[in-house]
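Engineer: Have a look at the structure that comes next, please.
The values are calculated or read from the model by the stated rules, or taken from the named source; none is laboratory data. Just so you know, these numbers come straight off a predicted model, no measurement behind them. Because the Cβ atoms are built from the backbone with ideal geometry, glycine has one as well, and the counts that use them run over all protein chains shown. Areas reflect the complete protein model, heavy atoms only, side chains present, ligands, DNA and RNA absent. Shrake-Rupley method; radii C 1.70, N 1.55, O 1.52, S 1.80 Å.
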Amino acid sequence: MKKILVLEDEPNIRSFVVINLRRNGYEPIEAENGMTALAMLEKNPDISLALLDVMLPDIDGFEVCRRIRASGSKIGIIMLTAKSQEIDKVTGLMTGADDYVTKPFSPAELTARVDALVRRLGSDAADKPSYEISSGPFLLNTRNRTLEKDCKRLKLTQIEYLLMKLFMENPGRAMSREDILKAVWGDDFSGELKTVDVNIRRLRLKIEADPTEPEFLTTVWGFGYKWGY
Ligand code: CA
């Protein structure tokens, strides 16, 4: 369950927000002033999002926001501003808030904004898992050793997979046939350089639209090959 810090000094609004978050599957953590909010954040490093009221008895919500960002935290921050504080939207976003909700807000409005920000933060983190390498229309998954082109799975031999991995990890780098042979077949392999050419030719049949005019796996004349995308 995602933890959400709710900083709001008015008990009525706070409990209204807390109840709605809970109803939507979040775990709210309450704070009634700025300093408590900062202490709560320190105590709960797994808080993923904060709702910050602006007018507070001690330090204001913008200051809390500034201090959160100054600590290097990348949690989602939504400012809760009053209608009369139109200018606050600008100030809030400038101090590092991701979004703002104007009071009075409906439960549906608040949860929609929270859900949207949680999704956005989640997709940023999951943007590129470490086991995926993407390049143009290609997506190489090093965990299950598969290759997709335009979301369609291509059947590769293990050698072809290793070639793709080598090229996609070194985009734009011209690699000699000797280097390729060593990297894919290993130091002990005593085969000929022609082995590289033969396998590249077969790989091109699978990944290129026109293998005679390769667009991705290009030839560096007199030297070797390059992932040209
Ligand atoms: Ca207030």
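Engineer: Confirm whether ARG143 is of a type in the set (Lys, Arg) and under 29 Å from the mean Cα position of the chain (by Cα). Working first, answer last.
Structural biologist: Details: of a type in the set (Lys, Arg): yes; under 29 Å from the mean Cα position of the chain (by Cα): yes.
Against the criterion (of a type in the set (Lys, Arg) and under 29 Å from the mean Cα position of the chain (by Cα)), ARG143 qualifies.
Engineer: Among ALA31, ALA39, ALA70, ALA50, which is modelled with pLDDT of 95 or more and away from the ligand (no atom under 16 Å from the Cβ)? Reasoning before the result, please.
Structural biologist: Numbers: ALA31 fails: away from the ligand (no atom under 16 Å from the Cβ); ALA70 fails: modelled with pLDDT of 95 or more; ALA50 fails: away from the ligand (no atom under 16 Å from the Cβ).
When all the criteria are applied, what remains is ALA39.
Engineer: Filter the range 53-65 for residues that are of a type outside the set (Asp, Glu), open to solvent by 10 Å² or more (accessible area, probe 1.4 Å) and over 15 Å from ARG14 (Cβ atoms); which is modelled with the highest pLDDT?
Structural biologist: Initially, the range 53-65 is screened for residues of a type outside the set (Asp, Glu), giving 54-57, 59, 61-62, 64-65.
If we keep only those that are open to solvent by 10 Å² or more (accessible area, probe 1.4 Å) as well, we get 55-57, 59, 62.
Pick out the ones that are also over 15 Å from ARG14 (Cβ atoms) and you get 59, 62.
Values: ILE59: 93, PHE62: 90.
Among them, the one singled out is ILE59.
Engineer: Is one or more of the residues making up the range 140-159 open to solvent by less than 70 Å² (accessible area, probe 1.4 Å) and closer than 30 Å to LYS2 by Cβ? Full working, then the answer.
Structural biologist: Taking the range 140-159 and keeping what is open to solvent by less than 70 Å² (accessible area, probe 1.4 Å), we get 140-142, 146-149, 154, 156-157, 159.
From the residues that got through so far, the ones that are closer than 30 Å to LYS2 by Cβ too are 141-142.
Checking the range 140-159: at least one residue is open to solvent by less than 70 Å² (accessible area, probe 1.4 Å) and closer than 30 Å to LYS2 by Cβ.
Engineer: Mind listing whichever residues of the range 198-227 are more than 33 Å from the chain's Cα centre (by Cα) and farther than 19 Å from LYS155 by Cα?
Structural biologist: THR212, GLU213, THR219, VAL220, TRP221, GLY222, PHE223, GLY224
Engineer: Are there any pairs, at least 6 apart or on different chains, whose C-beta atoms fall under 9 Å, with the first in the range 43-57 and touching a residue at least 24 places away in the same chain (Cβ under 8 Å) and under 12 Å from PRO28 (Cα atoms) and the second within 7 Å of the ligand (Cβ to nearest atom) and not small (Gly, Ala, Ser), and if so, which?
Structural biologist: Cβ pairs passing all conditions: LEU51/GLU8.
Engineer: While we're here: Can you confirm whether PRO104 is modelled with pLDDT of 90 or more and open to solvent by 70 Å² or more (accessible area, probe 1.4 Å)? Show your work before the answer.
Structural biologist: Details: modelled with pLDDT of 90 or more: no; open to solvent by 70 Å² or more (accessible area, probe 1.4 Å): yes.
Considered against the rule, which asks whether it is modelled with pLDDT of 90 or more and open to solvent by 70 Å² or more (accessible area, probe 1.4 Å), PRO104 comes out as no.
Engineer: Which ones in the range 20-77 are part of a helix (DSSP H, G or I) and of a type in the set (Ser, Thr, Tyr)?
Structural biologist: Here is the first cut: in the range 20-77, the ones part of a helix (DSSP H, G or I) are 20-23, 34-43, 61-70.
Listed by number, the list holds a single entry, THR36.
Engineer: Would you call PHE16 in a helix (DSSP H, G or I), aromatic (Phe, Trp, Tyr), surrounded by fewer than 19 Cβ atoms within 10 Å (Cβ to Cβ) and within 16 Å of the ligand (Cβ to nearest atom)? Give the steps one after another, and end with the answer.
Structural biologist: Working: in a helix (DSSP H, G or I): yes; aromatic (Phe, Trp, Tyr): yes; surrounded by fewer than 19 Cβ atoms within 10 Å (Cβ to Cβ): yes; within 16 Å of the ligand (Cβ to nearest atom): yes.
So PHE16 fits the description; yes.
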